[in-house]
Amino acid sequence: MATKENRASASRASAGSRSSAVAEPEVEKTAPRKGGRETDGGYSPELLLGLYRTLVKCRLCDEKARILFRQSKFAGNFYSGVGQEATEVGAAYSLREDDWIAPSHRDWTANIIKGAPLKFCFAQLFAKSTSPDRGRSSPAHMGYPPLNVITPASTIAAQLNIGTGVAFGLKKLKRDSVVVSFFGDGATSFGGFHEALNFAGVHRLPIVYVCQNNLWAESVPLRLQTALKDLSDRAKAYGFPGVSVDGNEVLAVYEAATKAITRARVGEGPTFIECKTYRWYGHSEIDPAKYRSKEEVEAWRKKDPIPRFEKHLTERKVLTEELKNEITAQITAEINEAVDFADQSPYPEPEEATGFVWSS
Ligand SMILES: Cc1ncc(C[n+]2csc(CCOP(=O)(O)OP(=O)(O)O)c2C)c(N)n1
Ligand SMILES: [Mg+2]
């Protein structure tokens, strides 16, 4: 795993530092983002393994966060994305450092995919002074300014408006960066969703809307949300393409996303990608999700994106059992180190409660 650590900024972020939380970027690549198609039409082993490592990293970090919540290591709440990793990774993996992500409450791992160091991700959950926002926001509402990950707003769909505004700014500044905005099926019923997509269509903005259709908005099923079968049909109303893909198939999402990102980058405007997926656990860690049947959950667990991808990689002789174990061990060690860092970091001092709120 390629890891680039900026030691100077590591000391900046160390316990008790009072300098800006965002002045010096610290970037950790989860994998080299190189690689593409080989002449046989398949993806290169480098790219496949990079995607695989990132999937596993997201899964292990998310499961660890759930355990830590149960151990009362942090308060507030946590919105697990376990089961949805292929959507997150497939959509965000090929983004450049100067590209943007506008995540929702369920996308804590978007920071990880973009390359935020794990120690900051766990420090964020613990609301410690070493977290990117110095313990200011709700634990799972994490952004990472050095890598253009926007802090999610609590209001459903609000990240769509903010992300669309950023895309408008990028276009005005004639930059070739793009925005990927994540949101759920429930968000598509909000007024702000329609306003954002309409605006993006009119101005042909460089943004990719990635809908994680997990069939539920808290306890509201999709059938009470919309009469549509495919949420990507909504894009027609705004004059840009919409596509629906298997959100548990990382290469299907990756392929749709890279196409949409390229389209956005060259000035051809937005794309809507609906990823059909499922969250394994409750809406949050305090939701036992009794509104879903056991059969439904079991059926989706069988579509777990990770073993599906492992099968593909094993058949292509890219992954062996030994390599798989090695990757898991490496990531587990990295997580343990990050959790120790978060644990040992201090809470912000009471007297700085009003600092770093309006500007950093
Ligand atoms: C305006 C508003 N209403 C209600 C909530 C509470 N809430 C947070 S997330 C959520 C469900 C969102 O569902 P969806 O968009 O499908 O995303 P998912 O949670 O499934 O990822 C609700 C009701 C909120 N944050 N904002
Ligand atoms: Mg949902």
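Every read-out reported here was derived from the displayed coordinates using simple, explicitly stated rules and does not represent laboratory data. The shown structure was predicted, so the numbers you read here are calculated from the model rather than taken from an experiment. As a convention, Cβ positions derive from the backbone with ideal geometry for all residues, glycine included, and neighbour counts pool all protein chains shown.
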The stretch 12-346: Rg/Rh from Cα coordinates, Kirkwood Rh?
0.94
Can you work out the Karplus-derived ³J(HN,Hα) for every residue in the stretch 298-306? Use 6.51 cos²θ - 1.76 cosθ + 1.60 with θ = phi - 60°, whole Hz, and x for glycine or proline.
4, 4, 6, 4, 5, 9, 2, x, 6
Burial order of peptide ranges 294-301, 206-213 (average beta-carbon count within 10 Å, highest first)
206-213, 294-301
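As a footprinting exposure proxy, order Leu197, Leu231, Leu215 by other Cβ within 10 Å, with the fewest listed first. It would help to have the intermediate numbers written out before the result.
On the way: Leu197 26, Leu231 21, Leu215 18.
Final ranking by Cβ density, sparse to dense: Leu215, Leu231, Leu197.
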Estimated dipole of the stretch 12-346 in Debye, rounded to 20 [Cβ of Lys and Arg +1, of Asp and Glu -1, Cα centre]:
580
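Looking at the P(r) of the stretch 247-350, how many percent of alpha-carbon pairs lie beyond 17 Å? Write down the numbers at each step before the final one.
Working: 3962 of 5356 pairs.
It works out to 74 percent of all Cα pairs.
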What distance in nm separates the two pseudo spin-label positions at Asn325 and Ser154, each 7 Å out from Cα along the beta-carbon direction?
4.6
Along the charge dipole of the stretch 221-360, pointing to its positive end and built from +1/-1 on Cβ of Lys, Arg, Asp and Glu, which listed residue (Trp358, Ala260, Val339) has its Cα farthest out?
Ala260
Using a simple spin-label model with points 7 Å from Cα along the Cα→Cβ vector, what separation in nm is obtained for Lys290 and Leu173?
5.0
Report the residues of the stretch 176-215 in range of a label on Arg265: point 7 Å along Cα→C-beta, backbone N strictly under 17 Å from it.
176-181, 205-209
Ordered by number, the trypsin sites (Lys or Arg not before Pro) in the stretch 131-194 that occupy a DSSP loop and have at most 11 other Cβ atoms within 10 Å are Lys174
With the dipole of the chain defined by +1 on each Lys or Arg Cβ and -1 on each Asp or Glu Cβ, the option from Thr109, Ser181, Ala75 whose Cα lies farthest towards the positive pole is Ser181
For the stretch 319-354 and the stretch 248-281, compute the distance between their C-alpha centroids and round to whole Å.
29
Starting from the Cα gyration tensor of the stretch 43-181, take the square roots of the eigenvalues, sort them a ≥ b ≥ c, and report rounded, prolate or oblate (rounded when a/c is under 1.5, otherwise prolate if a/b is larger than b/c, else oblate).
oblate
Within the stretch 12-346, percent of DSSP bridges classed antiparallel, to nearest 5:
15
Quick one: order Val357, Val166, Val180, Val220 by neighbouring beta-carbon count within 10 Å, fewest to most.
Val357, Val220, Val166, Val180
Listed peptides 239-245, 267-273, 103-109 by packing density, highest first (mean Cβ within 10 Å):
103-109, 267-273, 239-245
Going by amide H atoms built from the backbone, whose H comes under 5 Å of the H on Gly242, apart from near neighbours?
Phe272
The FRET efficiency for Ala333 and Asn77, from their Cβ-Cβ distance with R0 = 25 Å and rounded to 0.05, is 0.35
